Each structure stands twice: as structure tokens, then as C-alpha cells.
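The values are calculated or read from the model by the stated rules, or taken from the named source; none is laboratory data. Keep in mind that this is a model prediction, so the values were computed, not measured. Backbone-built Cβ (ideal geometry, glycine too); neighbour counts: all protein chains shown.
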Amino acid sequence: MSRDPEVVIAIDAGSSAIRVLGAQVTLDGGLELLTFGQSASLGIKRGLVDDVDEASYAIRTALEDAGLEARLNNAVVVAGITGKHIKSFSTMGEVKVGRNDGMITEKDVTKARDAARAFAVDTGAWMLHNVPGGLRVDGYRCRRSPIGMQGSTTHAETHIVTANQESVEALRRASQMAGIDVDAFLSGAVSASRAVVSRSEFEMGVVHLDIGAGTTDATGYFENALLHTSSIPVGGNQLANDIATALNTSFAVGEGVLHDHGAAYSKGDALQEEITIPCYGMSGYRRFRRAYLIEVVRLRMAELFQLGWAAAMGSWPQQQRPASLVISGGVAALPGIAELATEVLGVVARVGESGDDAILLREEEPLLELRGPAYASILGLLRTYRDPNFGPVRRRQLEQSGGSRLLAQLQGLRA
């Protein structure tokens, strides 16, 4: 019988930061966070590795910050991947009920699941997830297990998420040059959603947007089934660029203004606050009211919400509508972002944060909290890897070849 690894290391290679997180698998099957490190991102633009050498340096720096660079031999490594190349689609498997009396058995359901999973992806595509969806009997959706029901045909739905193989290999090469071999790749969009969306939201219907520096990753769920996964090549960097253009200043100044004064929604006296910045290409300074800055941010964020919402709704069942929107990623820290989303989309929106298990402890004392929306993707990678439905397609092969992992690895992580 195969055993799960004692140590799992997650790598989130984003457009603004590279983050790594090590965790121990506990006896009850949970995860205990052990170590965290990060570095400024290099060689990665809009979720894609465009310079392997620079990306490898950034990954190695993050590993060193976490104290992991020399302790990788016995850990399983999972990496998140995003970018506009991410695609998803749903398939349906169909089998005739085997029993003469028409009673559906577990064997019928298994065969239908296998038929749905057997769908071949396009050449050049790397399968990231093969997620089981809903079940139908004679065309009617089942809200519970159909085993024991009467029918003639069983249908099983599956949602498949793929990435461009060249993009996956580029990230693999960068990681190898940094001294680490990636065992499994996961969708950053799917992983982030598994960290911050609640069970009731998955059931009622939810769109999740993870807005990072270079991309906005979108997922959609209804009745606990994954319906949509995609990545839009627009994020916080575009916001900073918009501000720089509107204020006729540099990107660096625009980024600083966004960080220090940016907001997606505000009222009252805050709109009259005056901000002073250096002029671009000349001596002197420029002064403007915060209301102007917020309007620039609102226009871009409204477009982002509409793009992400429209992408997810393209896969939604007819006559249905998501009950809510959950927002995560570094841009989700903008004040008023949930209020703007509600105004633009007319739906209940909130900023997603992880639970109490997103705390790194040292000697039973909190050392670092990773509950904020910016850490949804890195935490989600660990949780998704452990999920039998959402974990990597090749997980079974990894477990069979990896065997048991050494507990001695933990001593190095705790040092």
C-alpha cells in the first residue's frame, strides 16, 4: 500500500513574486506548514517563463530564503502554472446499465467515470486536472449517488484542465536549473480556488477570480462541480501601467502610487486627498486628487471583473446564475474591491482568505500568517495536491514510484 510523502513543497512562480512553501503531512492526513520563502520574480511575464536563466535564479533565491536549497531529495514538489494558454473543457462518459433489472451499481458508475476520463487532449497539451463532475441517469441530473436507482444509461461528467506543454517544460527547466525537480504541475486557478472558496459557495454556484500581477485566473463552480478554468493576461501590472500613463510618470512611480494610495471604491473626504508625485522626464512635481486615481483603478478593475465573469458564464448551465464572487490574489488587497465587484456585476462579492491552518508555527507559537488573499495560490497548491479529485492526473504514478518519504527531512526543515 502506497503512502503519502511526509514532506510536500509547493512553488508558486508568479509575475511579481516567487513563493515556496514546505509542509508536513500529519498522521490525520492534514498539513502542517513548516517553512516559507519568497523572492522577487524574474524571467516570468504574465504567468509565462520567458527567460529560463532568470527564472531559475529567482526560484533558487526563494528556496534559499526558505532554507530548502539543500534539503530537497526526499520531498515531493508541486508547482502551479498559469497564463493565457490554460484551457478547460467538460466531457461526458456514457455506459449502459449492466444488470437486467436496470439497477445501477458502483461498477456502472466507475465505467462511466472511466469513459469520461479517457478523452484525449490535443497534441502539445499537458493535462493538469481531470476532475469528476456530476452524474446523470437517462439524462436526468442526480443530486445524490445513483447507485441503487433504476435506469438504462449512466452518464458521468468530467472537467479537464490543460496547459501548453512548452510552457510546462520551460518552468520545469527553470526549476531543475535551480536544483529542484518538479513532480507534478497544477493549475494556479484551480489551486487558488480550493484555498479560499467555502463548501456552501461551491454548492450554490460561485465564480472565483485570483488577480495577480500579470494574470487574472478564473474558475467557476456549480453544485460542487468545476465548470470553467481560464487565465486572462491582465493583472496588477496593467493597473500600475494605467496609472503611469494617466499621470505621465514612470511605471515604478505608478506602482508605488497604486500600493500606497490605490483603492477600487471610496467615498467622502478620502476622495479629496491630494497626492504629490515626481514628474516624468522633467524636474518638479505633480499634484492630483485621489478621486482621479481611484477612477483610473475603477475603470480597469471593472473591465477585469466583466472579462472574468463573462468567461466563467460561458460554461454555466442555462437558467442558472452564480450566487457569489470570491476574489483573491495580491490585487484583492485593494480597499473597496469587493464593493466595486458587487456594483459592476450585481452579485454578492467578498475577498477570500484561508483558514486557521494557514499559519506557520515555531515551537507552538505563530511565526507567520499566510491567510491573506495574496497567498491563496501557494496554499491552494498544497491542498489541491492532497485532494483525490482535484490533485494531479499523474499522482498515482508518483506515489507508486516515490514510496515512503524520510521523516529525517523534517529535521532539516525545522532547523
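Restricting A213, A244 to residues that are more than 22 Å from P317 (Cβ to Cβ) and either under 14 Å from the mean Cα position of the chain (by Cα) or surrounded by 24 or more Cβ atoms within 10 Å (Cβ to Cβ) (or both) narrows the list to A213.
I'd like the residue in segment 147-162 that is more than 10 Å from A116 (Cα to Cα) and buried (at least 24 other Cβ atoms within 10 Å of the Cβ) and, out of all such residues, is nearest to the chain's Cα centre (by Cα).
Looking at the filtered set, the residue picked out is V161.
Given the structure, is G284 small (G, A, S), surrounded by fewer than 23 Cβ atoms within 10 Å (Cβ to Cβ) and at positive phi? It is true that G284 is small (G, A, S), surrounded by fewer than 23 Cβ atoms within 10 Å (Cβ to Cβ) and at positive phi. Residue pairs, Cβ under 6 Å, 6 or more apart or interchain, first in segment 349-365 and without any contact (Cβ under 8 Å) to a residue 60 or more places away in the chain, second in a strand (DSSP E or B) and not β-branched (V, I, T). List them. If the second residue must be in a strand (DSSP E or B) and not β-branched (V, I, T), the pairs left are A349/L325. The single condition among (1) free of Cβ contacts under 8 Å to residues at least 24 places away in the same chain; (2) within 17 Å of the chain's Cα centre (by Cα) that Q318 does not meet is (2).
Just one residue in the set G37, G29 is modelled with pLDDT under 95, small (G, A, S), over 11 Å from L379 (Cα atoms) and over 21 Å from the mean Cα position of the chain (by Cα); that residue is G29.
The residues in segment 285-330 that are outside any loop (DSSP other than H, G, I, E, B), of a type outside the set (S, T, N, Q) and within 30 Å of I275 (Cβ to Cβ) can be counted, and the count is 26.
Filter segment 183-207 down to residues that are surrounded by fewer than 21 Cβ atoms within 10 Å (Cβ to Cβ) and touching a helix residue (DSSP H, G or I) at 6+ places or on another chain (Cβ under 9 Å) and give me whichever is farthest from Q320 (Cα to Cα). Within segment 183-207, the match that is farthest from Q320 (Cα to Cα) is A184. Residue count for segment 313-339 satisfying the condition of being modelled with pLDDT of 90 or more and either touching a Leu at 6+ places or on another chain (Cβ under 7 Å) or under 19 Å from T219 (Cα atoms) (or both): 13. For segment 338-357, the count of residues that are outside any helix (DSSP H, G or I), of a type in the set (A, V, I, L, M, F, W, C) and buried (at least 21 other Cβ atoms within 10 Å of the Cβ) is nonzero.
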